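Taking it in order: structure first as structure tokens, then the write-up.
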Amino acid sequence: MARIISAAEAAALVQDRSTLAVGGFAAYAVPETLLSELGRLFDETASPKGLTVTCGICPGDYSRDPVGLNRIAKRGLLDTVIAAHFGNPPLIGDLIAENLVAGYALPLGVMIHLFEAIAGHQSAVLSHVGLGTYADPREEGCKVNAKAREQNRTVVELLRVAGKERLAYLTFPIDICFVRASLADADGNLSAENEAVGDVTFGIAAATHNSGGIVIAEVEKIVPSGTLNPRNVVAHGSLVDYLVPADPNLYRQGYAAVYRPELCGRKRIEPDTLPPLPMSNRKLIARRAAIDLAPGGLINLGIGIPSGIGSVANEEGIHATLSLESGPQGGVPLDGLGFGANVNAEAIYSLSDTFHLYDGGVLSMSFLGAAEVDKTGNVNVSRFGSSCTGPGGFINISQNTPKVRFVCTFTTGGLKEEIRDGRLVILQEGRQKKFVKVVQQITFSGRYARSTHQDVQFITERAVFRLTEEGLLLTEIAPGVELERDILAQMEFSPQIAENLSLMDPRIFRDAPMGLAAQQ
């Protein structure tokens, strides 16, 4: 039976140089009370020191406030971070960029499956995911800064299995973990019934328990034994050592809202009550992308501009099943800080199940962002100068989907555009080009995509490109733009130009529904 202890008692169980696993997904299911207390303990005692912290998508709200993993982003407290994405808590990213903490960025699906492999006392997760990208040991081997390279720690090896190249991501023991659940009963059984995203609690708790470590669960409420619905229990009490009642001032379903019942299946709302996206260059991109939506398949949407495609699909009445790497399947994905949850989801898978399906090719199409694209079709979403945010689920998704659409504005940094009389007007060009000679980091390999015969396109507000054997082919341009001035002059390389270069669909540039549902 799990013991009930205070957050201060829980933090005191974390020892110097231990490996701490942290649950949650970005803005959701964050063990905020435990992280807050661990940060306070270090501020007062300078202990514990030299931790290795591991998680999937590091919890945070993109601010520099004391939220999520920002609470423990302290020099001396941390030595190493092993995760799929560091961007949500910027203070963690700063420590890695300044080479004060070693950073290892693994694909999210690999990171989630590593927890299960650790629980099963396996040596590694064997996968094709990451081949040809920075995760490949022939590139960077997941080491994103000099401090990681100096550690001489190997997290991924290249193997040949049954005549095929594979990456072996190595497991490691976990000493202690902080996870969160909606409810726990007096026996320590954990329920995620009010959570908006898929479960990672079981994998982390099992990995920690089977490593001989300590499992600590922060919970909103403790209920009598035998009162939980067993189908909502994500971790049995036999895995849990301690329960910590959450500070009610810190406990939230997610950073965007204290609690929304329509995100966890306790309520359904009418889809037509959701507000449409305002007309902007972001909506233009989402609209052009939505034209490619097809009914009957499972379609993944990434964070940022891709998430707006869900809003356009809802506005247009398109019947496509939209899937998020965080677990929700079906419904309407939220945008911005709320990303990761779906309104009226039809199912919420665990992250492990989601990525098993993704890696196996269940997706028919994916829409993902792009920070940089080069002439060979390589895409970077993970490194920006000295800062490396990590890939999240981008590598798993982009390498395992037959049709991939990368969506982004054509330039960035001060870009100002408007739609006028059905035409795109560029008021101020962005300072940074996105179509560059060489990307800073390969998060998506154009060469690998060609070897697997993927259908890859790049959709912006002013141009559409298709990846070919010879590189990028310009196939569409927006009404109102000039080819030389607004497209070719804003690229660091010269693309091929289709003989039948056409204008983008004029409906995209009119502030009215496009009638896409009628085309399905």
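Looking at the stretch 286-372, the DSSP beta bridges with both ends there are about 45 percent antiparallel.
Over the chain, what relative contact order in percent results from Cα pairs under 8 Å that are six or more residues apart? Normalised by residue count, the contact order of the chain is 13 percent.
Rounded, prolate or oblate for the stretch 3-245? Axes are the square roots of the Cα gyration tensor eigenvalues, ordered a ≥ b ≥ c, and the cut-off for rounded is a/c under 1.5. Because a/c hits 1.5 or more and a/b fails to exceed b/c, the stretch 3-245 counts as oblate. Straight-distance candidates among the lysines for linking to Lys147, with alpha-carbon spacing under 24 Å and chain neighbours fewer than 8 residues away dropped: Lys49, Lys74.
Before rounding to the nearest 500, sum -39500 (n - 2.57) across all DSSP H runs of length at least 4 in the chain and divide by the residue total; then give [θ] at 222 nm in deg cm²/dmol. Don't skip to the end; give the middle numbers.
Details: 11 runs with 94 residues, N = 520.
That calculation yields -5000 deg cm²/dmol at 222 nm.
Counting only Cβ charges, +1 for Lys and Arg and -1 for Asp and Glu, the dipole size of the stretch 79-200 around its Cα centre is about 620 debye.
In the chain, the C-alpha radius of gyration followed by the widest Cα-Cα span (Dmax) gives 22.9, 71 angstrom.
Dipole of the chain (Lys/Arg Cβ +1, Asp/Glu Cβ -1, origin at the Cα centre): which of Asn396, Leu322, Pro89 lies farthest to the positive side? The Cα lying farthest towards the positive end belongs to Asn396.
Farthest towards the positive end of the charge dipole of the chain, among the residues Ala46, Leu170, Ile303, is the Cα of Leu170, using unit charges on the Cβ of Lys, Arg, Asp and Glu.
Sorted by mean Cβ packing within 10 Å, highest first, what order do the peptides 316-328, 120-132 take? List each step's numbers first, then the result.
On the way: 316-328: 23.2, 120-132: 18.2.
Per-residue mean Cβ counts within 10 Å order the peptides as 316-328, 120-132.
Using C-alpha pairs below 8 Å separated by at least 6 residues, the relative contact order for the stretch 271-506 is 17 percent. When the chain is described by a simple charge dipole with +1 on each Lys and Arg Cβ and -1 on each Asp and Glu Cβ, the residue from Leu78, Leu34, Pro59 located farthest towards its positive end is Leu78. Against the chain, whose longest principal axis comes from its Cα atoms, helix 32-45 is set at around 70 degrees. Taking the longest Cα principal axis of the chain as reference, the axis of helix 201-210 is set at about 50 degrees.
Relative to the Cα centre, the charge distribution of the stretch 270-400, modelled as +1 at Lys and Arg Cβ and -1 at Asp and Glu Cβ, gives a dipole magnitude of about 440 debye. Couplings 3J(HN,Hα) for the stretch 53-58, derived from phi with the Karplus relation 6.51 cos²θ - 1.76 cosθ + 1.60 (θ = phi - 60°), are 10, 10, 6, x, 8, 4 Hz, where x marks Gly and Pro. A straight Cα-to-Cα reach below 28 Å connects Lys433 with the lysines Lys143, Lys283, Lys375, Lys403, Lys416, residues fewer than 8 places away in its own chain not being considered. Ranked by the mean number of other Cβ atoms within 10 Å per residue, highest first, peptides 155-161, 223-229 order as 155-161, 223-229. Each of the peptides 490-498, 252-260 was scored by the mean count of other Cβ atoms within 10 Å over its residues; in descending order, highest first, they stand as 252-260, 490-498.
Under a model in which nothing but the beta-carbon of Lys, Arg (+1) and Asp, Glu (-1) is charged, the stretch 3-245 shows a dipole of about 600 debye around its Cα centre.
Each value in this text was obtained by applying a stated rule to the coordinates, not by laboratory testing. Computed from a predicted model, the values in this text were never measured in an experiment. FYI the Cβ positions are ideal-geometry reconstructions off the backbone, even for glycines, and counts take in every protein chain you see.
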